[in-house]
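Working notes, beginning with the structure itself.
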Amino acid sequence: MKKTTILVVSSLALLSLASCDKNYHEVFAPDELGMETHEFIVEKEGGNIEIPYLSNRQGTISLMNPSDEAWVTLGAGTFDVDGSLPVSVKANSGFKRRADILFTSDTRKDTVSVLQRGAVDEIFYVAAGSMVVYNGKDELNTIVTEINVPLERIKSEILFPGKDEWIKDGNLTANAYTFRTTDNPDKLYMRRAYILLSFLDGWDEIQTARITVVQARADNQIGTKFTPEALRTVATVGGYTLPDDAYVEGYIVSTTQDSNSGDIIIEDLIRGTGEIDYTVTDCTSYLVGEDGKGFRLISVSASENDFKRYSHVSLGIGGAVLKKSQTAPICYTIEGVKSSEIITSMDASHTMPRKEKSITELTDDDVNTLVTIKDCEIPMRKGPFTPINEGYGMLHGINRVAKYPMLIRDKTGGSMYMYINITVPWRRDGTKMPYGSGSISGVVVSEQYKSFGTMSRYQLRPMTRDDIALKDDFHDGFSALITEFRWTKIPGEFESTELPGAILATEGNGEMTHTYPDYTSGLGVRFSNFSNSYFYLGPCGTGKYKGHISNGCGLTLPDGTDYKPWEGQESAQNTDGKGWIATAIRLSWGNKYWWDSDNSRGYAYLVGFSTAGITSDKVSMQFAMYNNSGSMRSPRNWKAQYSLTTSSCAEEDDSKWEDIGEFSVSDVVTWGDSGNGVREWQTTGTQVFDFPLPLEILGKEKVYIRLMPRNNVAGDANSPNGSTIKNNSGYNTMDYFAVRYNK
């Protein structure tokens, strides 16, 4: 009987549907009620806001807490179709506060929150993250607090991992949390407890303070203290295992907040087998001892690296392994630490000794310590913090590059590299780098990077973007430009150059050419190749900003506007999310003829400029280049020279050229099979170099600089020095060139 009924009903339903639509179905509009934004922040002064909503049904609007009517006024109590709700918010002279607004139809509900800042900040400060108590002292233990919220809003509880409840008489005031303890009878082990203080702030977010209380053993000992000097004495290259009760005291100067705390380890760069251990940085911290010397700490896991930056800690390191590097500068690492083994922890933000130095003042004792480099700048005024080919990085799921060394220099003339990991969130987020001067704080490390050849003895690891405290505007800096080339500026119809086939400086005075005499491009200059360059500010990655380049390359003209030659050619830029700028834009320039085999000498980049009327105590040169030939065979070993009397690069005029310095240039990564794939001496980004120049070049009508191969050595798939230069094949690309002086 039931089956018959169902069939009859089904038949009637089909007839009904057929009468409505020849396809036997009817589309009913779904109930709709919702908002794109569910939180609106209002400043303490109050004001009016509009809350847009989407709806196709009628409904009501109300405050979930009627008492909020004292400071929030709704402009309507009902809604019909899509629209917006006017809301008026009064000024707030107290703590921050929150009101929730309820939208209700007959079938749906949704809420919107109005969050207002307050004229008075909620203060919930607890000085100690961890402390030690001792036996035989039936006295109050005190933890300093600073609290201005009502104490009745604060929840207090004590957690005991063991069976004994040995903390008693806990009491919280605005200025202190006090408690008493019973004695620890255990002769072998300390015991722990956790005091948790929490409250719901005005925006309904939970604020929590956790204090670890460690009680000494029955003999009132907390272990064997190792001074920094004692740790360095017992450290070995192979590793020394510390005794179970060992502990050390010092300052935590790092944070894992922006993923730049430690060196990411690349196990293998060859195509198809690349492995990068990204967790290493999340397990790395740096501790500076009372003597001002530092240790790298590597925790057993990222969760056990929960140290607070700028805290003074006593840290249990029993069972951890202490190592020292085999080569100078000697660096010390403690592997296998746990933040849960903190014995005491106190905020030392305002009391921790701090170092402020110039680059030339750094010593081996600064390694693994926090140093502020004063009066410094990032000289390459172009691109993001990591101008690399993202096709070889984690944004494309490829493990070929882990960090980028960005050159920094200071007012004293010193220079070094600043490491930025590719896991750093702000390294290529679309914002321009700061081009003025200021200070950069970071942990000094000594990590060689083979793809960049010989590095400076020390490098700097800023922990957060705020550590790079440089001014945005280049004019707010200590240096000024004599000449600068940031893109290929071709001479115009009525412009002439002294050097044949030269391009013009993009700022300051000067021109640049190449000395191979038998090549001129269709543009009339002696640069035979313009390369894809990797200076798009970002964001990058698979599917990111495909087909346009909205954030540009950070190239600001003297009038303050952006240089945008790619306008109208957006579809050619960054089409695969690798961060590149098309060849036609000519942000990079170079040549593929580098060796004069008849005379066994190199061809050169040749730059000429004037320093007339300029005086200074410091003058220097910066440039960026890499070898970008797929067949390699590009010049590996280079020299820089200057002349005040000639632009001739003929052999008979070599005596008129003075040496500036030597450098090596890496081959760019070439994607290919295992025979022609990625090698550790190959780079995914441009190399930036810095050379001090002699003061005698100042005040001259003409100065010439040449950058030329010093021998016929080139790289191949098996060695950075395994081949010879091949003309019309071995490209070298220049991305930047400048000469600057201290104002």
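Details
- Cβ-placed point charges (K, R +1; D, E -1), dipole of segment 355-470 about Cα centre in debye, nearest 20: 440
- Computed on the Cα atoms alone, the convex hull of segment 124-215 gives a volume of 91 cubic angstrom per residue.
- Which of 145, 160, 209, positive extreme of dipole for segment 124-215 (C-beta unit charges): 160
- Think of the chain as having a plus end and a minus end, set by charges on the Cβ of Lys, Arg, Asp and Glu; of 89, 641, 199, 641 sits farthest toward the positive end of this dipole.
- The packing ranking of peptides 228-237, 530-539, highest mean first, is 530-539, 228-237, where packing means the average number of other beta carbon atoms within 10 angstrom of each residue.
- When segment 332-465 is reduced to its Cα atoms, the Kirkwood hydrodynamic radius in Å: 16.6
- For segment 102-204, the dipole from Cβ point charges (+1 on Lys and Arg, -1 on Asp and Glu) about the Cα centre works out to 260 debye, to the nearest 20.
- Distance histogram for the chain (every C-alpha pair counted, 10 angstrom bins, percent rounded to whole numbers): 2, 11, 17, 18, 17, 14, 11, 6, 3, 1, 0, 0
- Ellipsoid semi-axes in whole angstrom, largest first, where each is sqrt(5λ) of the Cα gyration tensor of segment 504-622: 31, 22, 13
- Dipole of the chain, positive end: most advanced residue of 425, 329, 508 [Cβ charges, Cα centre]: 329
- Compared with the dominant Cα axis of the chain, that is its longest principal axis, helix 2-20 is turned about 50°.
- Kirkwood's formula applied to the C-alpha pairs of segment 33-116 gives a hydrodynamic radius of 12.9 angstrom.
- Magnitude of the charge dipole for the chain, about its Cα centre and with charges confined to Cβ atoms of Lys, Arg (+1) and Asp, Glu (-1), is about 960 debye.
The numbers here are math on the coordinates, done by the rules we state, and not lab data. Predicted, not measured: the structure shown is a model, and the values here were computed from it. Positions of Cβ are backbone-derived with ideal geometry, glycine not excepted, and every protein chain shown enters the neighbour counts.
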